[in-house]
Amino acid sequence: MTVFYEFDEVDAFTVGTQGRPGERTFYLQARADGQRVTLKCEKQQAAAIVEYLRKVLSDLPPAEDKPLPSAFDLVEPIDAAFVLGPVGLGYDRASDRLLIQLEEVGEVDEEGEFIDDDSRGHVRVFVNRGQAMAFCDHADVVIQAGRPPCTWCSNPMDPDGHACPRMN
C-alpha cells in the first residue's frame, strides 16, 4: 500500500530521536488536523534539511512567529510509515511557505532509476517561515545531543569509552 500525505498547513513539523546516544534512531513527524505521519530518517538527512531551509530563509524576511516548544515533541506511538529516501525542498512565493517533499527509499536499477516509482510513499509538507526556523533551531539541538566528540581525534565517544587512534 502506498503512503501519501499532503499537508498544506501543519500544526507541527519536527525531528526527534529514540534510544541512547550512539544508538539513536531519528524520526521526522508532521501533524495537522488530527492526522500524523512519522518517517524514519538518518541524522545526516535531518541536517541536510536544516542546511537547505536556513539557506532559503536567509533570503527571506525574518519570521514573525514561532511555534510553541511543545510542538517539537514526538507524539506516540512512533510507528514509521516508511524509511526516508530522497528529499525535495522548495519555496512557494505565492503562499510564502517552504515545501518539504519526503519520499520513501526505493530500489534502483543499474542506471540508477527507481524501480516501481509509483509504489513509493510520499509526504508533502508546507511550513511557514516561523515553523521552518523553529524546526532548524530544534533540529540543531537534537543533532548535537548525540555522542560528544573526543578531545584528541574528534570521533564520537561512546558512553563506555572509545579507542582513540591518536591516543594509541
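Points worth noting:
- Considering segment 1-99, the qualifying strands (runs of 3 or more DSSP E), each wholly inside and each with 1 or more residues that are within 30 Å of PRO148 (Cβ to Cβ) and out of contact with any Pro (no Cβ under 9 Å at 6 or more places or on another chain), run over 12-18, 25-32, 35-41, 82-92.
- The set of residues in segment 19-40 that are more than 17 Å from the chain's Cα centre (by Cα) and closer than 20 Å to LEU98 by Cβ comprises ASP33, GLN35.
- Residue match in segment 91-104 (condition: among the small types (Gly, Ala, Ser), modelled with pLDDT of 90 or more and surrounded by fewer than 13 Cβ atoms within 10 Å (Cβ to Cβ)): yes
- Segment 110-148 - residue that is closer than 29 Å to ASP92 by Cα and among the basic types (Lys, Arg) and, of those, surrounded by the fewest Cβ atoms within 10 Å (Cβ to Cβ): ARG124
- Candidates LYS55, LYS43 - the one that is basic (Lys, Arg), within 17 Å of the chain's Cα centre (by Cα) and under 16 Å from VAL15 (Cα atoms): LYS43
- Odd one out for GLU23 among (1) closer than 29 Å to ASN155 by Cα; (2) of a type outside the set (Phe, Trp, Tyr); (3) buried (at least 18 other Cβ atoms within 10 Å of the Cβ): (3)
- Residue ID - nearest to GLN18 (Cα to Cα), chosen from residues in segment 149-168 that are surrounded by 12 or more Cβ atoms within 10 Å (Cβ to Cβ) and without any contact (Cβ under 8 Å) to a residue 12 or more places away in the chain: MET157
- Selection of segment 7-27 for residues being touching a residue at least 24 places away in the same chain (Cβ under 8 Å), of a type in the set (Val, Ile, Thr) and either touching a Leu at 6+ places or on another chain (Cβ under 7 Å) or more than 12 Å from ALA132 (Cα to Cα) (or both) yields THR14, VAL15, THR17.
- If the condition is being charged (D, E, K, R) and more than 16 Å from the chain's Cα centre (by Cα), then segment 117-128 contributes ASP117, ASP118, ARG120.
- Scan segment 100-143 for residues that are more than 12 Å from LEU53 (Cα to Cα), assigned to a helix (DSSP H, G or I) and in contact (Cβ under 8 Å) with a residue 12 or more places away in the chain and the total you get is 6.
- Meets criteria (surrounded by fewer than 17 Cβ atoms within 10 Å (Cβ to Cβ), in contact (Cβ under 8 Å) with a residue 12 or more places away in the chain and aliphatic (A, V, I, L, M)) for ILE49: no
The values are calculated or read from the model by the stated rules, or taken from the named source; none is laboratory data. The model shown is predicted, which means the values in this text are computed figures rather than measured ones. All Cβ positions, glycine included, derive from the backbone under ideal geometry; neighbour counts span all protein chains shown.
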